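This report concerns only the one structure given below.
The values are calculated or read from the model by the stated rules, or taken from the named source; none is laboratory data. None of these values were measured; they are calculated from a predicted model. Using ideal geometry, Cβ is built from the backbone for each residue, glycine included, and neighbour counts are taken over all protein chains shown.
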Amino acid sequence: MTSAAIAWSLLSASAARAQSDDVSATAPGERATPARDAPSASGTVISIDQEDIVLDLGSSKGGVNGSVVDLWRPFKLRHPVTGQTLTDRFRIGALRLVQVQKTLALARPEGVLARVPAAGDVVVMTHSTERPPVTHPSAVAGTRTAPNAPSGEPLDAEGRELCAMFDSLQGEPIATRILRYEQFLQAHPNGTYARVLWEEADALRKLLGEKRAATNRLVDGPERGVTFTPPSSALAHEPLAIGVEIPRAAGAVLHVRHAGEMAYQSFPMRAAGARYYRGTIDAAQMQGPEVEYFIESVAAVGTAVPAVGTADAPQKIEVHEAPRPLPPSRPAASAAIFTDYADYNRLRGNDYAWQTEGQFGLRYADKGVRAVRSGFGVYRGFGGSVLELDSLGRRARRVGLTYGYLEGEFATSRIVALIGRLALGLTDDGVNGGGQFFVRLGNDQMTNLLLGGEVLGGIGTRGIAELQWNTLPRVPIVLRTEVTNQPAGTSPGRSTAPDPASTVAVDRGDIGARAMVQVGYRLVPELTVALRASYEGRTIQHAGPGAGAGATFSW
């Protein structure tokens with residue numbers, strides 16, 4: 001027989017002597033202790049029916065209502081040295097028969113039971129007697145031999161120490177046995193009998209209902225002295241190091257899963273000095289909103305037990321996204337060009353304006369300095385008063401301005417902004433300039449309304465109301481009305497009165513009105529083209545059509 005088999009037998013036999021009060025076997029040479037009452041009739045627990053315990057101890061076996069019977073838990077083990085099979089039992093307590101039939105009886109606990117009754121337990125009606133001692137093989141001084149082994153083959157020093165320990169445990173309670181097993185394992189953590197001794201200790205704990213105590217007291221496993229400070233939060237996508245102190249552990253394993261995972265991923269922890277272990281949760285596992293983990297301690301015999309948390313009740317770490325610097329904001333840029341023709345006198349060519357503007361702009365934010373735009377313009381036209389052109393037959397006066405401008409938009413809120421423009425250019429008479437001022441109600445990237453006006457030196461003035469309708473993402477629409485005296489809204493710059501016999505109009509242009517509809521189409525997100533149509537006039541007879549086109553490119 002191998003040493004492991006010998007140890008297993010040693011351990012198995014030890015459980016038969018779990019409690020001195022319940023063990024009846026003694027070793028040779030020892031004084032026989034008074035035994036429990038010998039049975040006069042016996043039975044078995046058949047089943048448990050709520051509070052009632054069903055026995056096969058009926059009146060046919062001598063059962064009587066009100067009788068008190070002993071309840072025993074049977075135990076059968078093999079002696080580790082001799083190989084003999086030892087049969088024994090532990091007294092759990094007493095039952096009182098409350099209803100006896102011919103073959104069956106119902107019983108209830110009499111007092112407190114040491115264990116919960118189970119099917120297969122033995123019940124005994126006894127009378128007082130003495131039980132003869134049971135022969136128990138003892139050690140031959142200095143040596144023992146294994147059963148079925150060659151005659152005289154001695155045990156090694158560890159085996160002799162183990163046998164001596166078992167001899168000393170005769171009559172000791174189970175708790176004392178477990179403690180002695182653990183002490184032996186501490187002295188021989190890598191011994192030949194370590195694994196079977198650990199398994200026997202675990203079985204005895206279950207017998208005592210001390211499963212939780214087993215977890216905390218296993219040799220080379222976690223103890224109540226585990227030291228661990230859990231992190232409460234961590235950064236996402238960054239590896240997290242975790243350290244733990246576990247007394248007398250041979251190793252440790254870290255089990256991790258992030259939110260949404262069903263199974264844990266396991267990582268061995270590295271030793272970081274005596275009793276200390278360190279593990280790292282990978283950056284890939286560090287995902288919000290939380291990470292769950294638990295740590296197991298590994299004993300020298302390879303058994304893993306929980307040290308920090310469990311699979312069903314893991315530790316949790318809140319995972320937060322790390323604050324990341326935003327890239328510098330780049331303003332949206334755009335470039336546009338528009339040309340517009342307006343005829344005020346039935347296409348006669350004596351009262352019209354043609355204006356072309358190019359523009360480059362940068363948009364920054366909804367509030368504060370919203371946009372800065374600059375560009376150029378060319379304004380050309382002919383005009384005069386209605387009287388001069390239609391009644392007196394004078395030729396239209398030529399006007400024009402070639403200019404550049406700078407425009408800014410400042411938003412007091414997301415839906416209110418102020419727009420100002422300064423223009424400077426050249427006319428036939430020299431340098432001239434002008435400007436615009438608008439109030440924008442609404443956001444420029446949504447539907448909004450522009451209200452304001454313009455003054456151009458040598459050209460005239462106009463008041464403007466413009467609705468920019470951006471409800472349809474790919475079809476921006478503009479509705480615009482103007483009240484203006486352009487293109488000849490100012491008199492020629494002369495110091496003398498005009499000549500009544502002149503053939504060229506010299507009076508200021510009369511005020512007229514203009515209505516415009518512009519429809520755009522966004523060919524691609526960056527490019528929009530638009531067409532416009534208008535009708536303008538100064539009187540019913542002095543009026544005409546207009547048209548225009550443009551394109552805007554943004555990036």
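Answer yes or no: is there a residue in segment 320-332 that is surrounded by 15 or more Cβ atoms within 10 Å (Cβ to Cβ) and assigned to a strand (DSSP E or B). No, every residue in segment 320-332 fails to be surrounded by 15 or more Cβ atoms within 10 Å (Cβ to Cβ) and assigned to a strand (DSSP E or B). Of all residues in segment 332-386, those satisfying the criterion of being polar (S, T, N, Q) and out of contact with any His (no Cβ under 9 Å at 6 or more places or on another chain) are SER334, THR339, ASN350, GLN355, THR356, GLN359, SER374, SER385.
Checked against (1) outside any strand (DSSP E or B); (2) among the polar types (S, T, N, Q); (3) at pLDDT below 70; (4) over 22 Å from GLU172 (Cα atoms), SER40 passes all but condition (1). Taken residue by residue, segment 211-223 has at least one member that is part of a loop (DSSP other than H, G, I, E, B), among the hydrophobic types (A, V, I, L, M, F, W, C) and modelled with pLDDT under 70.
Among the numbered conditions (1) part of a helix (DSSP H, G or I); (2) surrounded by 15 or more Cβ atoms within 10 Å (Cβ to Cβ); (3) modelled with pLDDT of 80 or more, the only one that ALA164 does not meet is (2).
Just one of the numbered conditions (1) surrounded by 14 or more Cβ atoms within 10 Å (Cβ to Cβ); (2) in the same structural domain as ALA505 (by TED's automatic domain parsing) is not true of LYS316: (2). When each of ARG330, ARG380, ARG414, ARG394 is tested for being within 30 Å of SER502 (Cβ to Cβ), out of contact with any Phe, Trp or Tyr (no Cβ under 7 Å at 6 or more places or on another chain) and not acidic (Asp, Glu), the lone residue that passes is ARG394.
Among the residues of segment 369-401, which ones are assigned to a helix (DSSP H, G or I) and not small (Gly, Ala, Ser)? The answer is VAL386, LEU387, GLU388, LEU389, ASP390. Do you know which of the residues in segment 177-188 that are surrounded by 15 or more Cβ atoms within 10 Å (Cβ to Cβ) and not hydrophobic (A, V, I, L, M, F, W, C) is farthest from ILE92 (Cα to Cα)? The residue in question is HIS188. Go through segment 233-267 and count every residue that is outside any strand (DSSP E or B), in contact with a strand residue (DSSP E or B) (Cβ under 9 Å, 6 or more places away or on another chain) and among the hydrophobic types (A, V, I, L, M, F, W, C). The number of residues fulfilling the criteria is 6. Go through the residues of segment 491-504 one by one and say whether even a single one is assigned to a loop (DSSP other than H, G, I, E, B), modelled with pLDDT of 90 or more and over 19 Å from THR339 (Cα atoms). Looking for residues that are assigned to a loop (DSSP other than H, G, I, E, B), modelled with pLDDT of 90 or more and over 19 Å from THR339 (Cα atoms), one finds none in segment 491-504, hence no. The set of residues in segment 507-539 that are part of a loop (DSSP other than H, G, I, E, B) and farther than 16 Å from ALA342 by Cα comprises ASP507, ARG508, PRO525, GLU526.
Applying the condition of being of a type in the set (Asp, Glu) and in a loop (DSSP other than H, G, I, E, B) to segment 339-368 and asking which residue is modelled with the highest pLDDT yields ASP351. Taking the listed residues THR227, THR303, THR280, the one that is surrounded by fewer than 19 Cβ atoms within 10 Å (Cβ to Cβ) and modelled with pLDDT under 85 is THR303, with no other qualifying. Restricting the first member to segment 450-467 and to residues that are over 17 Å from VAL399 (Cα atoms) and buried (at least 17 other Cβ atoms within 10 Å of the Cβ), and the second to residues that are at pLDDT 95 or above and among the aromatic types (Phe, Trp, Tyr), the beta-carbon pairs closer than 6 Å and six or more apart or on different chains are LEU450/PHE438; GLY452/PHE437; GLY452/PHE438.
Looking at segment 531-555, which of the residues that are touching a strand residue (DSSP E or B) at 6+ places or on another chain (Cβ under 8 Å) and of a type in the set (A, V, I, L, M) is nearest to GLY512 (Cα to Cα)? The qualifying residue nearest to GLY512 (Cα to Cα) is ALA543. Here LEU86 meets each of (1) surrounded by 13 or more Cβ atoms within 10 Å (Cβ to Cβ); (2) at pLDDT 75 or above with one exception, condition (2).
From the list SER329, SER334, the lone residue that is of a type in the set (S, T, N, Q) and under 25 Å from GLN518 (Cβ atoms) is SER334. Scanning segment 42-77 for residues that are buried (at least 20 other Cβ atoms within 10 Å of the Cβ) and either touching a residue at least 60 places away in the same chain (Cβ under 8 Å) or not charged (D, E, K, R) (or both) yields GLY43, VAL45, ILE53, LEU55, LEU57, GLY63, VAL69, LEU71, TRP72.
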